[in-house]
Amino acid sequence: MNRQNTDPAQKNDFSKGSVVGAILSLAAPMTVAQLINILYNIIDRMYIGRLPENATASLTGLGLCLPIISIVMAFANLFGMGGAPLCSIARGRGRLDEAEQIMGNSFFMLIASGLVLTALGLCFKTPLLYLFGASDATYPFADSYLTIYLCGSVFVMIGLGMNSFINSQGFGKTGMCTVLIGAVLNILLDPLFIFVLGMGVRGAALATVISQTASALWTFSFLTGKRTILRLRLSRLRPKAPTVAAIVSLGMSGFIMSATNSAVQVVCNATLSRCGGDLYVGVMTIINSVREVVSMPVSGLTNGAQPVIGFNYGARKYDRIKRAIAFMSVSCIAYTGLAWATLHLFPRFFIGIFTEEAELTAATVPAMRIYFFGFIFMSLQFAGQSAFTALGKAKQAIFFSLLRKAFIVIPLTLWLPGLIAPAVNGVFAAEPISNVIGGTASFVTMLLTVRGEIKKSLKKW
């Protein structure tokens, strides 16, 4: 028999009160947390881009590591973002034992997959980096960063993956503290290791690993403590095939998004290296960094809406589901419209955060304007994906994850450089085209699916 809701759980009951208030109570700290989390890699790139020697080669080398880092993130999403919505649904139904089983199995799988990824990454990092577009000039910098990062990948995965379970219970401020602890450490350690101790890119990687380890320890301490609603217990860690299958099924959407991001980065870097040389791999590194920053509020808002949508779906509060989706969608569209205009008008401001080199800046300005054209449609993809995931619609979430990146961006990245001059512009043009097609398809399908699901559920109940 499942343990039912008790007083501690009632304090984060998303089926009561204001829907907008519930979303904002989670989205605000999650957005801050997203911003802080981005600082891990952004600060690395800011400092590395200002090294007195080999700044461009170092920055390009770090960019070559991003596909492998994305794979680590993909597995964190697989078990973290896959388990957390299921916890929200189970908690909305009052099944706390089931929710704890989901969380325990997710924790076990994060550790197991993290160890496997570390071993495989260290064994195959050299051929992978050259496959991703490394040259003899940039490989040493990429190898130095990646070797240290991989040694701490288990802690990276625990911090990212298990923090989803803190947020899904309504403890947004605690989840924000998880990344705040790591970010503050990273900000303090980066200049010490990079410049004072003269470690360069190795120092940036070491600072990141130490920071993420601190975040992981904080997350583990909270989820095993008395303040949490769902507790991480030793008895729940033993994997059960049906539970793991459900987690993987729902988490596959987030996994595919991160994995396809990795594939896109590989294809982009390899194509840019061939068409424009190491300079344009550096351009893409800066653009990816800017995209992480400006996408952060959208990610925070959609992640904040997921527990509210999932909880109310479990509680069968369908009017609240519709209000949550409407608020999430309108807010995301409004923000990305403003962000698009700002990036188009002031590209040099954002580029200047990462580099002061004239040649790199001059090449990045037109590339950024092409890449972010139609940025508003990206919000439709995020809103559609988040709603599918929150409602446990694994198949739809997986399909639209694949559609935009694997079926649109990658083919266009390979095809357009042969049609557009200069060829590098074809690589940057693939992103806005995919946003328009993939974002629109995801959002419209989500609206139709939710409408049909609500009608079917009302008839059933």
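Going residue by residue through the stretch 196-207, is there one that turns out to be of a type outside the set (Ser, Thr, Tyr) and closer than 30 Å to GLU100 by Cα?
If we filter the stretch 196-207 for residues that are of a type outside the set (Ser, Thr, Tyr), which is where we start, we get 196-207.
Remaining after also requiring closer than 30 Å to GLU100 by Cα: none.
The answer is no, given that none of the residues of the stretch 196-207 is of a type outside the set (Ser, Thr, Tyr) and closer than 30 Å to GLU100 by Cα.
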Taking VAL294 as the residue in question, decide whether it is within 29 Å of ALA383 (Cβ to Cβ), part of a helix (DSSP H, G or I) and of a type in the set (A, V, I, L, M).
yes
Out of everything in the stretch 101-126 that is among the hydroxyl-bearing types (Ser, Thr, Tyr) and open to solvent by less than 40 Å² (accessible area, probe 1.4 Å), what residue ends up being farthest from THR228 (Cα to Cα)?
THR118
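Across the stretch 269-283, what is the number of residues that are open to solvent by 10 Å² or more (accessible area, probe 1.4 Å) and either closer than 24 Å to TYR47 by Cβ or of a type outside the set (Lys, Arg) (or both)? Give the derivation first.
Filtering the stretch 269-283 for residues open to solvent by 10 Å² or more (accessible area, probe 1.4 Å) gives 270, 273-280.
From the residues that got through so far, the ones that are either closer than 24 Å to TYR47 by Cβ or of a type outside the set (Lys, Arg) (or both) too are 270, 273, 275-280.
Counting residues in the stretch 269-283 that are open to solvent by 10 Å² or more (accessible area, probe 1.4 Å) and either closer than 24 Å to TYR47 by Cβ or of a type outside the set (Lys, Arg) (or both) gives 8.
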Does TYR139 satisfy the condition of being over 30 Å from GLN306 (Cα atoms) and in contact with a Cys (Cβ under 6 Å, 6 or more places away or on another chain)?
no
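Conditions (1) in a helix (DSSP H, G or I); (2) open to solvent by 10 Å² or more (accessible area, probe 1.4 Å); (3) more than 30 Å from PRO191 (Cβ to Cβ), marked per residue:
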{"residue": "TYR47", "(1), (2), (3)": "yes, yes, no"}
{"residue": "ARG50", "(1), (2), (3)": "no, yes, no"}
{"residue": "GLU53", "(1), (2), (3)": "no, yes, no"}
{"residue": "SER58", "(1), (2), (3)": "yes, no, no"}
{"residue": "LEU64", "(1), (2), (3)": "yes, no, no"}
{"residue": "ILE89", "(1), (2), (3)": "yes, yes, yes"}
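So which of LEU338, LEU360 ends up being open to solvent by 10 Å² or more (accessible area, probe 1.4 Å) and over 20 Å from GLY82 (Cα atoms)?
On the way: LEU360 fails: open to solvent by 10 Å² or more (accessible area, probe 1.4 Å).
Exactly one of LEU338, LEU360 is open to solvent by 10 Å² or more (accessible area, probe 1.4 Å) and over 20 Å from GLY82 (Cα atoms), namely LEU338.
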Check the stretch 234-241 and report whether any residue there is surrounded by 17 or more Cβ atoms within 10 Å (Cβ to Cβ) and of a type in the set (A, V, I, L, M).
no
State which residue pairs qualify: first residue open to solvent by 30 Å² or more (accessible area, probe 1.4 Å) and inside the stretch 209-223, second residue of a type in the set (Ser, Thr, Tyr) in any location, beta carbons under 8 Å apart, and separation of 6 or more residues or different chains.
TRP218/THR178
Those residues of the stretch 190-208 which are surrounded by fewer than 19 Cβ atoms within 10 Å (Cβ to Cβ) and either over 28 Å from TYR139 (Cβ atoms) or aliphatic (A, V, I, L, M) (or both), in sequence order
LEU192, VAL196, LEU197, MET199
Considering only the stretch 294-329, state which residues are over 20 Å from GLY452 (Cα atoms) and β-branched (Val, Ile, Thr).
VAL294, VAL298, THR302
For the stretch 59-80, give me the residue count where each residue is farther than 27 Å from SER249 by Cβ and either of a type in the set (Val, Ile, Thr) or without any contact (Cβ under 8 Å) to a residue 12 or more places away in the chain (or both).
1
Of the residues in the stretch 359-380, how many are under 30 Å from PHE311 (Cα atoms), modelled with pLDDT of 90 or more and polar (S, T, N, Q)?
0
Residue pairs within 7 Å by beta carbon, gap of at least six or interchain, first lying in the stretch 20-44 and aliphatic (A, V, I, L, M), second at pLDDT below 75, listed first then second, are ALA22/PHE14
Test each condition in (1) open to solvent by 20 Å² or more (accessible area, probe 1.4 Å); (2) part of a helix (DSSP H, G or I) for PHE311 and report the one that comes out false.
(1)
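More than 21 Å from the chain's Cα centre (by Cα) and open to solvent by 10 Å² or more (accessible area, probe 1.4 Å): which single residue out of GLY418, GLY392 fits that description?
Values: GLY392 fails: more than 21 Å from the chain's Cα centre (by Cα).
Within the list GLY418, GLY392, the selection yields GLY418.
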Regarding the stretch 242-259, can at least one residue be identified that is assigned to a helix (DSSP H, G or I), in contact with a Pro (Cβ under 6 Å, 6 or more places away or on another chain) and surrounded by fewer than 21 Cβ atoms within 10 Å (Cβ to Cβ)?
no
Failed criterion for LEU279 (all others in (1) out of contact with any Asp or Glu (no Cβ under 9 Å at 6 or more places or on another chain); (2) among the aliphatic types (A, V, I, L, M); (3) farther than 30 Å from ALA390 by Cα hold)
(1)
Which residues, counting only those in the stretch 419-433, are under 11 Å from TYR371 (Cβ atoms) and of a type in the set (Gly, Ala, Ser)?
ALA429, ALA430
Need a quick list: helices (runs of 4 or more DSSP H) entirely within the stretch 316-411 having at least 2 residues that are in contact with a Gly (Cβ under 6 Å, 6 or more places away or on another chain) and either farther than 30 Å from GLU53 by Cβ or without any contact (Cβ under 8 Å) to a residue 40 or more places away in the chain (or both).
376-390, 394-404
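The values are calculated or read from the model by the stated rules, or taken from the named source; none is laboratory data. Note that the structure is a prediction, hence the values are computed from the model and not measured. All Cβ positions, even for glycine, are placed from backbone atoms using ideal geometry, and neighbour counts span all protein chains on display. We work out accessible area using only protein heavy atoms, side chains counted, and drop any ligands, DNA or RNA first. Shrake-Rupley method; radii C 1.70, N 1.55, O 1.52, S 1.80 Å.
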